[in-house]
Amino acid sequence: MGKRVRFAPSPTGALHIGSVRTMLYNYFLARQTNGTLILRIEDTDQERLVDGAIDSIYDGLHWVGVHWDEGPREGGPHAPYIQSERLPLYQKGAQELVDSGTAYYCFCTKERLEQMRAAQRARGEITRYDRLCRNIPPAEAAERASSEPNHVVRLKVPEEGTIAIDDLVFGHIEWPLETIEDQVLLKSDGFPTYQLAVVIDDHLMGIDPIIRGEDWLPSTPKHLLVYRAFGWDVPPHAHVPNVLGPDGKKLSKRHGATQVGEFQSEGYLPEAMVNFLALIGWSPGTEEEVFSLDDLIQKFRIDQVQKAGGKWDRDRLNYFNGLWIRKLSDDALLARLDPFLPAEWDRRLVRGVVPFIKERMTTLVEAQDLISFLFTDDIVQDPALLVPKKRERMDAITALSRVTVLLRFVDPFIATGIEQAIAAVANELGWTVRDLTIAVRAAVTGRKVGPPLYESIALLGKERALARLEAAQEKLET
RNA sequence: GGCCCGUUCGUCUAGCGGCCCAGGACACUGCCCUCUCAAGGCAGAGACCACCGGUUCGAAUCCGGUACGGGCUACCA
């Protein structure tokens with residue numbers, strides 16, 4: 001109970017969908033246990049920083065609808081929550097490890113390391129640090145460290161043995177220590193590497209469990225070694241499987257949209273995104289699959305998370321989106337639609353069509369096209385539709401004119417009355433209702449498909465509807 | 001190359017030794033409903049449970065190997 005978990009993105013770009021999934025799992029666990037969720041920004045790579053990335057992370061997470069307890073802008077007992085503002089902590093930690101002999105200064109230049117690796121490759125060996133600086137006597141190393149600013153601190157990895165973890169998702173995993181290199185912990189610019197910073201922060205912030213992406217699994221032994229070097233207890237880890245592109249590779253830009261902001265502007269609902277994402281890699285073990293954020297908080301279990309990576313499936317996302325759109329009340333849908341419609345479109349009229357387009361949308365952006373006939377008289381009446389297949393042009397003119405006449409007397413101008421009028425014309429002329437509505441729809445909406453015709457005509461209003469019907473007749477006469 | 005992980009319908013998945021000649025969902029096909037398109041309902045097709053051995057009375061489920069896929073292999077995270 002009362003788990004402390006964290007989401008720790010790097011501000012190297014807009015918020016990625018895969019990260020959102022990891023965030024969600026952390027969020028579920030935090031809320032479910034009445035615990036604490038921490039947002040921590042891991043910006044230890046100063047070269048890859050992207051302007052506005054933190055804003056984008058905040059925007060994305062807010063859109064998704066999750067909230068957290070401690071973070072850069074929220075503050076908290078472990079502030080600051082941005083790693084670049086916690087440098088002294090890491091430097092002190094690195095120093096401690098050097099002092100205790102579990103880490104050492106390395107003075108190798110990047111050039112030397114490159115040459116070393118090239119030579120190793122040429123000889124067909126594994127490329128890894130040759131530990132040249134590992135055996136410099138401590139006194140000499142300390143002295144050189146003060147005069148040579150360009151040194152780093154490396155972890156002194158034991159030469160033999162194994163290190164293991166019991167991952168909450170992947171189970172028991174063991175690594176032979178001889179396969180692990182002497183990892184850099186503190187870079188020459190005084191910044192920690194990820195490997196040092198995560199361990200220190202996760203420890204200081206009391207994170208339990210650590211839930212992160214599967215791609216961190218290979219560096220876990222390095223982290224374990226750092227915990228060991230500090231003499232700290234290792235908290236439970238849970239690695240969650242990757243979200244893959246349709247080609248089975250890690251989801252990236254080349255697979256299309258991958259940032260939350262893009263999905264937002266494409267008209268996806270956060271409810272759908274959450275539902276869809278949560279189900280990649282997790283299942284409640286039942287046949288239910290429609291879940292709100294609150295449902296997920298209730299039902300999520302970390303031990304039900306899958307090991308295999310799951311592919312991103314646009315069709316399935318679309319399905320969930322349509323489903324969640326349909327679950328919205330008409331007023332709620334109107335509000336969601338608002339940013340996707342021209343400001344000048346009369347919201348009362350929009351509100352009127354909402355019930356009729358609700359089950360015809362996959363994404364919110366589709367609404368505009370679906371209802372534009374109500375807001376612009378600039379429609380294209382296609383003769384091929386005005387005259388349904390196997391009907392004569394003259395007959396179509398007659399049909400449209402009869403509809404025009406009967407509609408004029410419909411009062412009040414509502415769907416049922418309009419339906420009766422059209423049925424009467426069909427009956428009178430021996431047309432099928434289907435054919436008649438094809439012609440009328442083309443005349444009134446300029447479309448082949450759309451919201452229910454009678455309701456659409458009612459919404460349009462008698463005057464505009466009649467004008468369009470007359471225009472269609474004229475068009476056919478010329 | 002090395003280390004680690006993974007492998008059930010096209011896709012997301014259920015399954016944790018007999019209930020499975022494998023269930024649900026998306027997508028697909030057909031039918032019904034119907035003023036169009038949807039939505040909805042019903043039905044169907046779709047997986048020799050990657051492969052090969054082993055354990056067991058019995059394996060999708062346990063063990064070993066192989067294949068394939070993926071991740072990592074930086075003073076990136």
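Any read-out appearing in this document is the output of simple, stated calculations on the displayed coordinates, not a laboratory observation. This one's a predicted model, so the numbers in the text were calculated from it and none came from an experiment. With ideal geometry, Cβ positions are generated from the backbone for all residues, glycine too; neighbour counts draw on all protein chains shown.
General observations
- Tensor-based shape of segment A:73-176 (alpha-carbon gyration tensor, a/c under 1.5 rounded, otherwise prolate or oblate): oblate
- Per-residue ellipticity at 222 nm from helix content only, as computed over chain A with -39500 (n - 2.57) for each DSSP H run of at least four residues, stands at -14000 deg cm²/dmol.
- Hydrodynamic radius of segment A:319-362 per Kirkwood, over alpha carbon pairs, in Å: 10.6
- Ranking of A:226, A:240 by count of other Cβ atoms within 10 Å, fewest first: A:226, A:240
- If the segment from residue A:51 to residue A:233 were pulled out straight at 0.36 nm per residue, it would be longer than the present Cα-Cα gap by 61.9 nm.
- Cβ crowding within 10 Å averaged over residues, with A:251-259, A:44-52, A:357-365 ranked highest first: A:357-365, A:251-259, A:44-52
- Relative exposure of A:232, A:282, A:345, A:68, judged by other C-beta atoms within 10 Å (fewest first): A:232, A:345, A:68, A:282
- Tail weight of P(r) past 31 Å, computed on alpha-carbon pairs of chain A, percent: 58
- Those residues of segment A:428-443 whose amide nitrogen sits under 18 Å from the label point placed on residue A:389, 7 Å along Cα→Cβ: A:431-442
- Cα-based helix-to-principal-axis angle, A:393-408 vs chain A, degrees rounded to 10: 90
- Calculated from backbone phi, Karplus (6.51, -1.76, 1.60) coupling profile of segment A:323-338 in Hz, x at Gly/Pro: 4, 6, 5, 5, 6, 5, 6, 4, 5, 5, 5, 4, 5, 5, 6, 2
- Anisotropy class of segment A:157-236 from Cα gyration tensor, a/c 1.5 cut: oblate
- Rounded if a/c under 1.5, otherwise prolate or oblate - segment A:364-478, Cα gyration tensor axes: oblate
- Principal-axis tilt of helix A:347-357 within chain A, Cα atoms, nearest 10 degrees: 90
- Gain in span if fully extended, residue A:347 to residue A:432, counting 0.36 nm per residue against the direct Cα distance: 27.1 nm
- Cross-link reach is defined here as a Cα-Cα straight distance under 28 Å, omitting same-chain residues fewer than 8 places apart; for residue A:475 the lysines meeting it are A:389, A:390, A:448, A:462.
- Straight-line cross-link partners of residue A:299 among the aspartates and glutamates, defined as a Cα under 18 Å from its Cα and at least 8 positions apart when in the same chain: A:271, A:287, A:288, A:289.
- On Cα atoms only, tilt of A:53-64 relative to the major axis of chain A in degrees: 50
- Among A:456, A:100, A:10, the ranking by other beta carbons within 10 Å of each residue's beta carbon, starting with the fewest, stands as A:100, A:10, A:456.
- For chain A, the relative contact order comes to 12 percent (Cα pairs under 8 Å, sequence separation of at least 6).
- Over all distinct Cα-Cα pairs of segment A:278-341, the Kirkwood formula returns a hydrodynamic radius of 13.8 Å.
- For segment A:372-478, applying the loop criterion from DSSP together with a ceiling of 14 other beta carbons within 10 Å to the chymotrypsin sites (Phe, Trp or Tyr not before Pro) yields A:409.
- The distance separating the Cα centre of segment A:1-59 from that of segment A:155-203 comes to 21 Å.
- Three semi-axes describe the equivalent ellipsoid of segment A:1-158; taken as square roots of 5 times the Cα gyration tensor eigenvalues and ordered largest first, they are 38, 20, 16 Å.
- If the Kirkwood radius is taken over C-alpha pairs of segment A:424-478, then at 20 °C and 1.002 mPa s the Stokes-Einstein diffusion coefficient equals 184 µm²/s.
- Dipole magnitude (debye, nearest 20) for chain A, charges at Cβ of Lys, Arg, Asp, Glu: 940
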